[in-house]
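Okay, structure first, notes after.
The values are calculated or read from the model by the stated rules, or taken from the named source; none is laboratory data. Since the model is a prediction, treat every value here as computed from it, not as a measurement. Cβ coordinates were reconstructed from backbone atoms using ideal geometry, including for glycine residues, and neighbour counts include every protein chain displayed. These accessible areas exclude ligands, DNA and RNA; they are computed on the full protein's heavy atoms, side chains included. Shrake-Rupley method; radii C 1.70, N 1.55, O 1.52, S 1.80 Å.
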Amino acid sequence: MTVTVCLRRLQPKRRCLSRLAGTARRRVAGWRLTLPVPVPAVGCGVLGMVCARRTVRLGEVASRLLEKLEYRGYDSTGLCIQDDERIVLKKSVGAPSNVVKALELETLPGRLFCGQVRWATFGAVDDLNAQPHLVACKTRIYGAHNGNLTNCEALKDDLRLEGHVVLSDNDGEMLVHTMEHFFFLNLEKHPADRREERTVRRACMIEAIRQGSRKIRGSYAAVIVDPVLEEAYAIKSGSSLYVGKGFDDNGDFILTSSDLSAVLSLTRILIPLSEGEFIHFDHSDWTVYSLTDPHLSERRLPKRSKLRVRDMALRPPFQFFMEQEIAAQSEAAAELIDLFQPGNGIREALFARYDGMRELAFRVRQSVRQASFQTDTRRLLDDLAAIFGGEDFRRLEAAVGGDGLFRRYAEAVPETRPFASVEEGFLQEMHRLSGGEWRERLMITDTLFQYKHRFSLCGWVEKFARELEAHRTRRIYMVACGSSYNAARAGAAILNRLAGIPVACMLPGEFRAEAHESVTADDLFIGISQSGETKDLVDICNALAARVPVRRLMIVNNVNSTLAQEKCDFYLPILCGPEIAVPATKSFTNQLVLLFGLALKCLELRGETGAAYESARQQFLRIPQLLDETHRQVRLRVRELAEEIYLSPSAHILSAANVGLAREGALKIREVVLNHSEGMEASEFKHGPNTILGKNFTFGLEQIQHGLAGFTGLYAELAERVREAGLPPAALGPLAAALADYLVHHSRPFHLRPEEEQALQPLLQRDFYSPLFAPYPLLFLTPPTQRDVELTISQINTHKIRGAAIYVIAEENEELRQAAVRPPADAPGYRSYYLTLPRTGSELLYPFSAVVALQMLALEMSVLKMKYLNRLKIPMHGVHPDVPKNVSKSITVD
């Protein structure tokens, strides 16, 4: 679909709208429209960019950014690009990787654009429902959105009553028309000769966005463009949205996107935008406004992102962020473990040298950090040049380089990754901007940041462990949601088993109902949250602070979050980097690693560092290697298991020793496969849930297939009996209907003639339903202890004779394997699988290898089911490993 617009010829008059709509509908078959209208965009990923000057490369830039959003939606792709008064809209069904070439988007010149990729929710997957949308019913704007408007139909009805021509069913079009409507009403309040004045149009659009947001219900992020002023507005209302300011060969630019990696691919300077706010911008200037508070208006100071682009971008050979983040867990765990067990290598020798000149080292680090806040790239490079040429840096350089110590460190660092500190992203950018000239100085700076990070965090770890020790004989609550709650449950088992520290793990609602009123100042409250913005947890912290002065500690990934900065006495970071995929993987594992490390630290504080401690410490150090080994060893076997169960509509995951682990495995399957799954303590299954074994009515697609195949067989046999009885072919239809009615309602037909009854009667005796009942999947998680193995064997034998399919994730144990794979008597359809994990012999290490297997299992099941549903052409099924339906994750910057 292509739309070309010339603003000078654009006359948005109401009397021509019916004619315009008729022309559009008549020409839709060929999907090539030439309509005098401007357009906005919609979907699951939105883009907007304004450049200083026209560039012939803008289409190429826009195409690369659209491709970065492909993981967010691939039902359709669209781009609206403006070149002075000429606006070109091109959009089509398909993913950016296909549409960019097919529509030749890379060839389009311009100064500003709005783009979108769509994961269909409202409206069919066709070109009309693709975004952006160009509208000119009353005035001229275009735009795009990402999200869902829950009152889409009501908006459409209201807009049509107001005279708008609505061409699609897409909620993005409703959003753009709504903004257009209020923009027009606001402009009408001014004399006609002033309606194109910059101050007038800006004020009218700002108020229109506030008015429109009050009318719209739902969660969304949107980009709206005023083509007259060539300026844009980006709205953040329940969906992720990021804004960046950059500079290239064409001058300044400002870019907004639903995806942070898209922004970071062009600039690391970010303009903070909070929920419920919107921003007006051109190529170099911006102002942030509130959707609700008319008094909020500020040119908010930008920040330089410290996030690493390699964490934000999907890299080969991975096809999904979930897959990439599972593979990255060993590296993330190693970085966290490093805080607990400093090594004795070259880097530690560097750190020891910094210990002797700590004041100088911190002073140099602080000067570089201060320079990193500079958002003008030229001034930043000048500031760094002054620092590297200054007396302090020369003294530091001589101290670490004079005897070859730093040279040995540099030789040991991988050539492709010279930086490893929290400022890696910033240092990489400076390395690129300096053309590699500052490589060694930047590497020295990197070690300074590593040193300060280690120095600070090691102190925080010890402080956290001392709090645990101080409250060991009192009450300790760990409160969290989702995967963080499951990590708390799994980590509480380690704290109890290893350090003898009892912890009560609760969901926020459970804590409010069961503990809030009884908490005293002697207790300890620990919150766990990946984002640090979990609203349920924030609310609990607020309620606690108002009632009792209890110590509140946090475990977070985002250290600049509300929970870390405002709601606790102090916090510990899990250091796993950003997670793009909705399901938690790295964050769960690193939360568990941190709790394991804290248990060891508590033993150290008590002086209990004997053989048991040393054994646990060695196991702790092995975690990164085990994560990597598990990932490599089980990859192919997990796919086999996934093929067994991905169409099973329900399953239970049972653990003999770690409920948190079972819950996490079940949550992963529910999130990305959209199959019902439940995780629980294994022996609890026999107290009621086991009634699902045997004949049950959790029918899924596989059972529907069996039913259709069974009926097809009966129909073919009925057709043959009709032919043999000499009945007319027309009799087959009523007989088939009678057969179907009998199968569904068990009502015998009474209107048939004797010869028809005789043809149908034998088929009514068949057992149609038995093939629909499949063995119910039970997945056992069994640690390598004799007690847990014996418990699992007992439960397997109990359940498989009652109709369970048995799947086991465990280290090699022949007795356990035989219990799982040996079929019970008279069960020809018995199904089983034994997924072997790397051998550790440790119940402390088992959760780490098992969770990798569970994550990979959910990933493979999700991919298999997604492809299956796509083949069936089931629209909007929502199965996806990165962005499943009804859930979302927002990456909070720095």
Inset, instruction - Consider GLN591 carefully, then state whether it is under 20 Å from PRO502 (Cα atoms), assigned to a helix (DSSP H, G or I), outside the structural domain of ARG72 (by the TED database) and of a type in the set (S, T, N, Q). - result: yes
Legend entry - Residues satisfying the stated conditions in region 563-575, i.e. part of a loop (DSSP other than H, G, I, E, B) and within 17 Å of GLY527 (Cβ to Cβ): LYS567, CYS568, ASP569, ILE574
Legend entry - Filtered residues of region 636-660 (kept if closer than 23 Å to LEU772 by Cα, touching a strand residue (DSSP E or B) at 6+ places or on another chain (Cβ under 8 Å), hydroxyl-bearing (Ser, Thr, Tyr) and crowded, with 19+ Cβ neighbours inside 10 Å): SER648
Inset, instruction - Name, by its number, the condition in (1) at negative phi; (2) touching a helix residue (DSSP H, G or I) at 6+ places or on another chain (Cβ under 9 Å); (3) open to solvent by less than 10 Å² (accessible area, probe 1.4 Å); (4) not acidic (Asp, Glu) that does not hold for LEU128. - result: (3)
Legend entry - Candidate set: region 349-389, residues that are part of a helix (DSSP H, G or I) and in contact with a strand residue (DSSP E or B) (Cβ under 8 Å, 6 or more places away or on another chain); chosen: the one nearest to GLY425 (Cα to Cα): SER372
Legend entry - Yes/no for ILE669 being touching a residue at least 24 places away in the same chain (Cβ under 8 Å), in a helix (DSSP H, G or I) and on the phi < 0 side of the Ramachandran plot: yes
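Residues checked against (1) within 21 Å of the chain's Cα centre (by Cα); (2) among the basic types (Lys, Arg); (3) surrounded by fewer than 24 Cβ atoms within 10 Å (Cβ to Cβ); (4) more than 26 Å from THR585 (Cβ to Cβ):
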{"site": "SER484", "(1), (2), (3), (4)": "yes, no, no, no"}
{"site": "ALA490", "(1), (2), (3), (4)": "no, no, no, no"}
{"site": "VAL503", "(1), (2), (3), (4)": "no, no, yes, no"}
{"site": "ALA513", "(1), (2), (3), (4)": "no, no, yes, yes"}
{"site": "HIS516", "(1), (2), (3), (4)": "no, no, yes, yes"}
{"site": "ASP523", "(1), (2), (3), (4)": "no, no, yes, yes"}
{"site": "ASP536", "(1), (2), (3), (4)": "yes, no, yes, no"}
{"site": "ALA543", "(1), (2), (3), (4)": "no, no, yes, yes"}
{"site": "VAL548", "(1), (2), (3), (4)": "no, no, yes, yes"}
Inset, instruction - Tell me, please, whether a residue that is in contact with a helix residue (DSSP H, G or I) (Cβ under 9 Å, 6 or more places away or on another chain), open to solvent by 50 Å² or more (accessible area, probe 1.4 Å) and under 25 Å from LEU701 (Cβ atoms) can be found in region 823-840. - result: yes
Legend entry - Residue match in region 178-188 (condition: charged (D, E, K, R) and open to solvent by 60 Å² or more (accessible area, probe 1.4 Å)): yes
Inset, instruction - Working only within region 516-532, note down all residues that are within 10 Å of VAL550 (Cα to Cα) and assigned to a strand (DSSP E or B). - result: LEU524, PHE525
Inset, instruction - Taking only region 382-435 into account, find how many residues are more than 36 Å from the chain's Cα centre (by Cα), open to solvent by 10 Å² or more (accessible area, probe 1.4 Å) and closer than 25 Å to SER305 by Cα. - result: 5
Legend entry - Residues of region 321-362 that turn out to be among the acidic types (Asp, Glu) and over 20 Å from SER261 (Cβ atoms), as a count: 5
Inset, instruction - Could you tell me which of the residues PRO847, PRO875 is in contact (Cβ under 8 Å) with a residue 12 or more places away in the chain and outside any helix (DSSP H, G or I)? - result: PRO875
Inset, instruction - Identify, from the list ALA208, ALA222, the residue that is open to solvent by less than 10 Å² (accessible area, probe 1.4 Å), over 23 Å from LYS91 (Cα atoms) and in the same structural domain as THR292 (by the TED database). - result: ALA208
Legend entry - Filter result for ASN496 (part of a helix (DSSP H, G or I) and either of a type in the set (Asp, Glu) or touching a Lys or Arg at 6+ places or on another chain (Cβ under 6 Å) (or both)): no
Inset, instruction - For region 249-343, please list each of the helices (runs of 4 or more DSSP H) lying entirely inside it that holds at least 1 residues being open to solvent by 40 Å² or more (accessible area, probe 1.4 Å) and either outside the structural domain of GLU70 (by the TED database) or of a type outside the set (Phe, Trp, Tyr) (or both). - result: 309-312, 321-327, 329-340
Legend entry - Unique match (being outside the structural domain of ALA581 (by the TED database) and part of a helix (DSSP H, G or I)) among SER862, SER842: SER862
Inset, instruction - Output the residue which, of all residues in region 718-750 that are in a loop (DSSP other than H, G, I, E, B) and crowded, with 16+ Cβ neighbours inside 10 Å, is modelled with the highest pLDDT. - result: LEU727
Legend entry - region 100-119 residues that are within 20 Å of ALA232 (Cα to Cα), paired with ones that are assigned to a loop (DSSP other than H, G, I, E, B) (beta carbon under 6 Å, 6 or more apart): PRO109/VAL56; LEU112/GLU230; CYS114/PRO132; GLN116/GLN131; GLN116/PRO132; VAL117/LEU69; VAL117/GLY73
Legend entry - Only listed residue being surrounded by 13 or more Cβ atoms within 10 Å (Cβ to Cβ), charged (D, E, K, R) and out of contact with any Ser or Thr (no Cβ under 8 Å at 6 or more places or on another chain), chosen from ARG365, ARG353, ARG378: ARG353
